[in-house]
Amino acid sequence: MKARLPCIETARLRLRPCRRDDIDVLHHIWTDPGVRKYVWDDQIIARSQAAEIVEASLTQFRQQGDGIWLMLFGQADTAIGFCGFWPFHQPAQLELLYGLVPSHWNRGLATEAARALLRFGFEERGFPTISASTDAPNTASIRVLEKIGMRFHKRELSNGLDTVYYTIDRNAFREGER
């Protein structure tokens, strides 16, 4: 019997694990100029790379219980973004990840999704800490990380890019929820 993948609902969003039939939707989101600027260092990825990431996410959900969720607005089936936990850097470390299509920026939706993932990570997955990183010029992403209670950890070059790292532990998250 196949384990049911976790879906997450917030006041305005439905987050569901990405599926194979989401490859084209995610490829479209990931190649949007506003999204790819920081997610893919402004590179246009091939559909085959999007397919590989979806397959890796499906495996990660099966093995660990987390991966990449598709972000749906309200009760609509229209995807507006993605979020999840994904291994980054060397050595690989699981980090919080999110992105929205530009038409949904500045509405607090990335913050809402990121906060829901912190709750999932601490309450369902039992993570002691959660980390995230972003390009230093990505001030919108930095604001999201700070709004959800994450604290600056360090700044360094990663793959030649000026990168900032944020972190939060379970206790700090619980304090912020009060």
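Considering only residues that are in a loop (DSSP other than H, G, I, E, B), of a type outside the set (A, V, I, L, M) and surrounded by fewer than 22 Cβ atoms within 10 Å (Cβ to Cβ), which ones fall in segment 67-85? Spell out the reasoning first.
In the first step, residues of segment 67-85 are kept if they are in a loop (DSSP other than H, G, I, E, B); the result is 67, 74-78.
From what is left, the residues that are of a type outside the set (A, V, I, L, M) are 67, 74-75, 77-78.
Within segment 67-85, 74, 75, 77, 78 qualify.
Under 29 Å from residue 11 (Cα atoms), out of contact with any helix residue (DSSP H, G or I) (no Cβ under 9 Å at 6 or more places or on another chain) and either at pLDDT below 95 or not in a loop (DSSP other than H, G, I, E, B) (or both) - does that describe any residue in segment 144-156? Steps first, answer last, please.
Initial filter on segment 144-156 (under 29 Å from residue 11 (Cα atoms)): 144-152.
Next, from what is left, pick out any that are out of contact with any helix residue (DSSP H, G or I) (no Cβ under 9 Å at 6 or more places or on another chain): 146.
Keeping just the survivors that are either at pLDDT below 95 or not in a loop (DSSP other than H, G, I, E, B) (or both) gives 146.
So far as segment 144-156 goes, yes, one or more of its residues are under 29 Å from residue 11 (Cα atoms), out of contact with any helix residue (DSSP H, G or I) (no Cβ under 9 Å at 6 or more places or on another chain) and either at pLDDT below 95 or not in a loop (DSSP other than H, G, I, E, B) (or both).
Quick one: which of 51, 76 is farther than 22 Å from residue 138 by Cβ and touching a residue at least 12 places away in the same chain (Cβ under 8 Å)? It would help to see each step written out before you state the result.
On the way: 76 fails: touching a residue at least 12 places away in the same chain (Cβ under 8 Å).
On inspection, the qualifying residue turns out to be 51.
It is to be established whether one or more residues within segment 34-44 are in contact with a strand residue (DSSP E or B) (Cβ under 8 Å, 6 or more places away or on another chain), among the acidic types (Asp, Glu) and under 18 Å from residue 132 (Cβ atoms).
Narrowing segment 34-44 to residues in contact with a strand residue (DSSP E or B) (Cβ under 8 Å, 6 or more places away or on another chain): 35, 38-39, 41.
Now restrict to residues that are among the acidic types (Asp, Glu): 41.
The next check asks that each one be under 18 Å from residue 132 (Cβ atoms); those that pass are 41.
The answer is yes; a qualifying residue exists.
For segment 61-104, which positions are at pLDDT 90 or above and among the hydroxyl-bearing types (Ser, Thr, Tyr)?
98, 103
Quick one: residue 112 ticks every box in (1) farther than 13 Å from residue 18 by Cα; (2) in a strand (DSSP E or B) except a single one, so which number is it?
Here residue 112 meets the rest and fails (2).
Just one of the numbered conditions (1) at pLDDT below 95; (2) under 27 Å from residue 24 (Cα atoms); (3) crowded, with 16+ Cβ neighbours inside 10 Å is not true of residue 109; which one?
Unmet for residue 109, out of (1) at pLDDT below 95; (2) under 27 Å from residue 24 (Cα atoms); (3) crowded, with 16+ Cβ neighbours inside 10 Å: (1).
Can you tell which of 132, 92 is over 16 Å from residue 35 (Cα atoms), touching an Asp or Glu at 6+ places or on another chain (Cβ under 7 Å) and of a type in the set (A, V, I, L, M)?
Step by step, each of 132, 92 is checked, and only 132 is over 16 Å from residue 35 (Cα atoms), touching an Asp or Glu at 6+ places or on another chain (Cβ under 7 Å) and of a type in the set (A, V, I, L, M).
Taking segment 145-178, which residues are crowded, with 16+ Cβ neighbours inside 10 Å, within 22 Å of residue 40 (Cα to Cα) and touching a Phe, Trp or Tyr at 6+ places or on another chain (Cβ under 8 Å)?
Scanning segment 145-178 gives 145, 164, 165, 166.
The values are calculated or read from the model by the stated rules, or taken from the named source; none is laboratory data. All of these numbers come straight from a predicted model, not from anything done at the bench. Cβ atoms come from the backbone with ideal geometry, glycine included; neighbour counts cover every protein chain shown.
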